[in-house]
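Shown next, in structure tokens, is the structure this report addresses.
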Amino acid sequence: EATVSVEGTGRVTATSRLGIFALDSIPPGSHRLRVDHEILDSLGITMVTSPFDLVAGQAGTVQLSIPSAASLIELSCPAARRNLGPGAVIGRLLDADTDAPVKGARVSVAWLEMSINAGLRKIPRLRDALSTEDGMFRICGLPSGFEGTLQASLKGIVTSEVRVKDEGELLVVQGL
């Protein structure tokens with residue numbers, strides 16, 4: 001569910017499980033819709049429509065969509081990293097006590113990869129990234145279908161491991 005609001009008014013509603021929403025009693029004039037959703041928030045994305053005009057007594061229809069996982073990965077990850085694998089873990093690291101963004105933490109994803117060289121064996125793999133000023137991190141180039149763990153560390157403090165699994169969607173993590 002997402003929350004849809006009309007900027008500058010008190011008009012707010014939630015979408016249905018299917019993403020359908022209705023707003024009424026919006027005053028005539030130029031307006032913009034704002035969409036709030038946990039995935040958008042964890043990615044640091046603010047979604048606001050272009051201005052549209054409403055005329056008194058007339059109804060209008062607006063279609064909104066959140067970018068697909070593939071689109072977000074393409075926008076967030078350099079081509080060289082995407083060539084290593086189609087998956088990504090993108091998120092925001094927040095302080096557990098204050099919800100403030102954590103800058104400069106090392107966020108890593110570890111998984112085991114099967115190898116048939118010199119017999120069947122599992123080889124440990126690791127990719128990492130540093131969180132930015134706003135706490136965002138992007139770990140790109142992960143193999144499709146991987147299962148592993150996600151962990152963050154800063155100044156000797158290490159979070160517990162969080163299990164992650166690629167099921168063909170963008171993995172979003174907030175507040176490790």
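The values are calculated or read from the model by the stated rules, or taken from the named source; none is laboratory data. Keep in mind the model is a prediction, meaning the values are calculated, not measured. Here the Cβ positions follow ideal geometry from the backbone for every residue, glycine too, while neighbour counts run over all protein chains shown. The area values use the complete protein model at the heavy-atom level, side chains included, leaving out ligands, DNA and RNA. Shrake-Rupley method; radii C 1.70, N 1.55, O 1.52, S 1.80 Å.
Using 0.36 nm per residue and subtracting the Cα-Cα separation, the extra length available between ASN83 and ASN117 on full extension is 10.0 nm. Straight-line cross-link reach from LYS155 at under 14 Å between alpha-carbon atoms covers these aspartates and glutamates, not counting any fewer than eight positions away in the same chain: ASP95. Can you bin segment 59-116 into rounded, prolate or oblate? Criterion: square roots of the alpha carbon gyration tensor eigenvalues sorted a ≥ b ≥ c, rounded for a/c under 1.5, prolate for a/b above b/c, oblate for the rest. Cα axes put segment 59-116 in the oblate bin. Shown in residue order for segment 97-109 are the 3J(HN,Hα) couplings computed by the Karplus curve 6.51 cos²θ - 1.76 cosθ + 1.60 at θ = phi - 60°: 8, 10, 6, 7, x, 9, 9, x, 7, 8, 10, 10, 10 Hz (x for Gly and Pro). Toward the positive end of the charge dipole of segment 19-151, with +1 on the Cβ of Lys and Arg and -1 on the Cβ of Asp and Glu, the farthest Cα among ALA110, THR49, LEU94 is that of ALA110. Taking amide hydrogens as placed 1.01 Å from N in the peptide plane, the amide H of LEU54 sits under 5 Å from those of GLY29, SER30, HIS31, each at least 5 positions away in sequence or on another chain.
Considering only protein heavy atoms and a probe of 1.4 Å, how much of the accessible area of segment 1-151 is carbon and sulfur, as a whole percent? Using a 1.4 Å probe with all protein chains present, segment 1-151 comes out at 50 percent carbon and sulfur. The residues of segment 1-117 present an accessible area of 63 Å² per residue when probed at 1.4 Å with all protein chains retained. Separation of segment 123-148 and segment 66-100, taken as the distance between their Cα centroids, equals 8 angstrom. Using the rule -39500 (n - 2.57) for each DSSP H run of four or more residues, divided by the residues of the chain, the 222 nm mean residue ellipticity is -2000 deg cm²/dmol.
In this label model, VAL12 and ILE157 are separated by 3.1 nm, measuring between points 7 Å along each Cα→Cβ vector.
Once the Cα-Cα distance is subtracted from the 0.36 nm per residue extended length, the LEU130 to LEU23 segment shows a gain of 34.4 nm. Model label points for ARG32 and SER65, set 7 angstrom from Cα along the Cα-to-Cβ axis, are 2.2 nm apart. Which of these values of Cα extents along the principal axes in Å was calculated from the structure shown: (1) 74, 36, 27; (2) 61, 37, 30; (3) 49, 35, 28? After the calculation, the listed value that fits is (1).
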